[in-house]
Amino acid sequence: MKLIFENWRQYLKEQTELSPESKIYCDMDGVLVDFAGYAVALVNDLLAGGGIPWGAEQSKGYRKRLRQVHNKLGSDFRVTDEKQLKDLKEIKNFMFGVIGTNPGEFYLGMSPLDDGISELWPALKATGRDVYILSAAVPTRAEGAMTSEQGKIAWVQKHGLDPVKTIVVQGDSEMSTAQRKAVYAKTDGVKNILIDDKPENINAWISAEGHGILHKPKESEATIQELGALFNETNT
């Protein structure tokens, strides 16, 4: 019985243990970038008759999706929170249709989350580990438009961050975005850490045997504490 207990304790230790080579991967939207605030303001401005800020044409498809919003939700409807961006089909389709006209310009225009930039990012760099940005892409629908990857890399440079690399992945029919991210959960058998605000990304990362920390927007202090606890647990 004692041997079984010791073996089980060793197994648990191996599941949580980090290596000096463990890397940290940090999501952008909802962690470092105010996606929700920018998207809500943009969608509401367009619903009120405004123009796309980067000058994209309001195409036939755009007008069709706008009519669908007005017919389903009413011409006076305005988005109040991020949940509606995700859960209301007509709003979600309208939003991603607009983003797809120039994803890079959309992402480059977003504001940072102050706590993500001033608290979380310095804390990640202070660990002494290699820190990467790992974010998701939106497909580009217009020829010649700036891609998500180009816009996100430009955003990182604009706001003075210094990751080892900015990695932008895109889900498709073969693999979801969460699965694309989870490819980085281990490097040569070494477990890496992901900080992300989407449960599906964290779950896929953990299933791939990495360490995942579910971040809540504008609550960087809690994430920093959880990261510290993970390192303390490893060192005991």
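The values are calculated or read from the model by the stated rules, or taken from the named source; none is laboratory data. Worth saying up front: this structure is predicted, and the values here are computed from it rather than measured. Positions of Cβ are generated from backbone atoms using ideal geometry, with glycine treated the same way; all protein chains shown enter the neighbour counts. Remember, those area values only see protein heavy atoms, side chains included, never the ligands or the DNA or RNA. Shrake-Rupley method; radii C 1.70, N 1.55, O 1.52, S 1.80 Å.
Kindly indicate whether Lys181 is surrounded by 13 or more Cβ atoms within 10 Å (Cβ to Cβ) and under 12 Å from Asp27 (Cα atoms). Judged against the criteria, Lys181 is a match. Do any residues in the stretch 205-234 that are aliphatic (A, V, I, L, M) have Cβ atoms under 6 Å from those of residues that are buried (at least 19 other Cβ atoms within 10 Å of the Cβ) and part of a loop (DSSP other than H, G, I, E, B), where the two are at least six apart or on different chains, and which pairs are they? Pairs found: Ala208/Ala185. Could you check, for the stretch 73-86, whether at least one of its residues is farther than 30 Å from Ser220 by Cα and among the basic types (Lys, Arg)? So far as the stretch 73-86 goes, no, none of its residues is farther than 30 Å from Ser220 by Cα and among the basic types (Lys, Arg).
Residue by residue, here is whether (1) modelled with pLDDT of 95 or more; (2) surrounded by fewer than 15 Cβ atoms within 10 Å (Cβ to Cβ); (3) in contact with a helix residue (DSSP H, G or I) (Cβ under 7 Å, 6 or more places away or on another chain); (4) not charged (D, E, K, R) holds:
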site	(1), (2), (3), (4)
Lys23	yes, no, no, no
Ala39	yes, no, yes, yes
Trp54	no, no, yes, yes
Gln58	no, yes, no, yes
Arg65	yes, no, yes, no
Lys72	yes, yes, yes, no
Asp76	yes, yes, no, no
Lys86	no, yes, yes, no
Glu105	yes, no, yes, no
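Quick check on Ala154: is it of a type in the set (A, V, I, L, M) and either open to solvent by less than 80 Å² (accessible area, probe 1.4 Å) or in contact (Cβ under 8 Å) with a residue 60 or more places away in the chain (or both)? In short, yes. Note on the stretch 123-148: residues that are open to solvent by 60 Å² or more (accessible area, probe 1.4 Å) and either among the small types (Gly, Ala, Ser) or modelled with pLDDT of 95 or more (or both) amount to 5. Based on this model, can you work out whether Ala208 counts as surrounded by fewer than 21 Cβ atoms within 10 Å (Cβ to Cβ) and modelled with pLDDT under 95? Against the criterion (surrounded by fewer than 21 Cβ atoms within 10 Å (Cβ to Cβ) and modelled with pLDDT under 95), Ala208 does not qualify.
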